[in-house]
Amino acid sequence: MRRIADNISEILERMHAFEQRYQRPHGAVTLLAVSKKQPVEAIRAAYAAGLRDFGENYLQEAEAKIAALADLDITWHLIGPLQSNKTRPVARHFHWVHSVDRLKVARRLSEQRDDSMPPLNVCIQVNLANEESKSGVELDAAATLCQEVAALPRLRLRGLMAIPAAETDFARQRAQFAQLATEFRRLQQQLPQLDTLSMGMSNDYEAAIAEGATLVRIGTAVFGART
Ligand SMILES: *Cc1c(COP(=O)(O)O)cnc(C)c1O
């Protein structure tokens, strides 16, 4: 668990170095620790090291962890695909959903979000290369979906999320993130409340920060390999 604290301080140092290198304001990028398939003790260690934002992919696993860690002041993000028949527990237990890609799912989340809770923060997931294996709306359809989701009363539309095709070449990583960033800036003209560009993982977060990410989702580099 010592190693987790060391990993986190190393990542935060690198993030700050990248902010400086790419003329981003200091602290412009949030570290979201992706804790899927990691035990609650690992999350406690990351929390003790100062992190407050955690991302989970699988609903059942997440619900158990959220209950086990109810004593901590964690902001929980759902980053995995979401089926429309599973929205109720998500609306109840999460603070953010990054993977909204259909109006039906968004409507249900809005209807099911309790009035006593703050609005649920959502990002629209974009499938940049229209990969069969990935969720997300096509880039061309993102603007329409954003307008519709922005009108839902119990949701707060925050921005866009993407998982680009795996790519080791830095220039190509940047080119993919640039596509999402361009669309994000265009949307901000119509929806000035948008403030979140969720992109970048363990292997490509430098490229994401270079292109304007405000939140990077990092699992392996924080916790080590998943079991
Ligand atoms: C697993 C996952 C991550 C983290 O991936 P790492 O390569 O372990 O950093 C980020 N985003 C999403 C949507 C994921 O499913």
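Got a sec? Which of ALA150, ALA165 is of a type in the set (Gly, Ala, Ser) and away from the ligand (no atom under 15 Å from the Cβ)?
Only one candidate passes the filter, namely ALA150.
Test ALA181 against the criterion of being touching a residue at least 24 places away in the same chain (Cβ under 8 Å), of a type in the set (A, V, I, L, M), more than 30 Å from ALA48 (Cβ to Cβ) and away from the ligand (no atom under 16 Å from the Cβ), and give yes or no.
The answer is yes for ALA181.
For a quick check of your reading of the model, give me the residue pairs whose first member lies in the stretch 210-223 and is within 17 Å of ALA175 (Cα to Cα) and away from the ligand (no atom under 12 Å from the Cβ), whose second is among the charged types (D, E, K, R) and modelled with pLDDT of 95 or more, with beta-carbon atoms closer than 6 Å and at least 6 apart or on different chains.
Hits for this filter: ALA210/ARG174; GLU211/ARG174.
Can you find a residue in the stretch 55-65 that is modelled with pLDDT under 95 and either over 19 Å from the mean Cα position of the chain (by Cα) or surrounded by fewer than 19 Cβ atoms within 10 Å (Cβ to Cβ) (or both)?
There is no residue in the stretch 55-65 that is modelled with pLDDT under 95 and either over 19 Å from the mean Cα position of the chain (by Cα) or surrounded by fewer than 19 Cβ atoms within 10 Å (Cβ to Cβ) (or both).
For (1) under 25 Å from THR227 (Cα atoms); (2) surrounded by 14 or more Cβ atoms within 10 Å (Cβ to Cβ), each residue gets a yes or a no:
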{"site": "ALA17", "(1), (2)": "no, no"}
{"site": "LYS36", "(1), (2)": "yes, yes"}
{"site": "ALA42", "(1), (2)": "yes, yes"}
{"site": "ALA48", "(1), (2)": "yes, no"}
{"site": "THR75", "(1), (2)": "yes, yes"}
{"site": "PRO81", "(1), (2)": "yes, yes"}
{"site": "ARG88", "(1), (2)": "no, no"}
{"site": "ALA91", "(1), (2)": "no, yes"}
{"site": "HIS98", "(1), (2)": "yes, yes"}
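Go through the residues of the stretch 82-103 one by one and say whether even a single one is away from the ligand (no atom under 16 Å from the Cβ), aliphatic (A, V, I, L, M) and closer than 22 Å to LEU197 by Cβ.
yes
Is it the case that the stretch 143-159 has a residue that's crowded, with 23+ Cβ neighbours inside 10 Å, under 15 Å from the mean Cα position of the chain (by Cα), within 13 Å of ALA208 (Cα to Cα) and among the hydrophobic types (A, V, I, L, M, F, W, C)?
So far as the stretch 143-159 goes, no, none of its residues is crowded, with 23+ Cβ neighbours inside 10 Å, under 15 Å from the mean Cα position of the chain (by Cα), within 13 Å of ALA208 (Cα to Cα) and among the hydrophobic types (A, V, I, L, M, F, W, C).
Which ones in the stretch 1-24 are within 20 Å of the chain's Cα centre (by Cα) and either farther than 18 Å from SER202 by Cβ or part of a loop (DSSP other than H, G, I, E, B) (or both)?
ARG24
Within the stretch 137-189, which residues are over 23 Å from PHE94 (Cβ atoms) and aromatic (Phe, Trp, Tyr)?
PHE170, PHE177
From ALA17, ALA46, ALA68, which residue is touching a Ser or Thr at 6+ places or on another chain (Cβ under 8 Å) and of a type outside the set (D, E, K, R)?
Of the residues listed, the single one that is touching a Ser or Thr at 6+ places or on another chain (Cβ under 8 Å) and of a type outside the set (D, E, K, R) is ALA46.
Which of the residues spanning the stretch 122-163 are under 18 Å from LEU82 (Cα atoms), among the polar types (S, T, N, Q) and either part of a helix (DSSP H, G or I) or touching a residue at least 60 places away in the same chain (Cβ under 8 Å) (or both)?
Answer for the stretch 122-163, where residues must be under 18 Å from LEU82 (Cα atoms), among the polar types (S, T, N, Q) and either part of a helix (DSSP H, G or I) or touching a residue at least 60 places away in the same chain (Cβ under 8 Å) (or both): there is none.
All but one of (1) small (Gly, Ala, Ser); (2) on the phi < 0 side of the Ramachandran plot; (3) exposed (fewer than 14 other Cβ atoms within 10 Å of the Cβ) hold for ALA221; which doesn't?
(3)
The values are calculated or read from the model by the stated rules, or taken from the named source; none is laboratory data. Quick caveat, the model's predicted, so the values are computed rather than measured. Ideal geometry is used to build each Cβ from the backbone, glycine not excepted, and the neighbour counts take in all protein chains shown.
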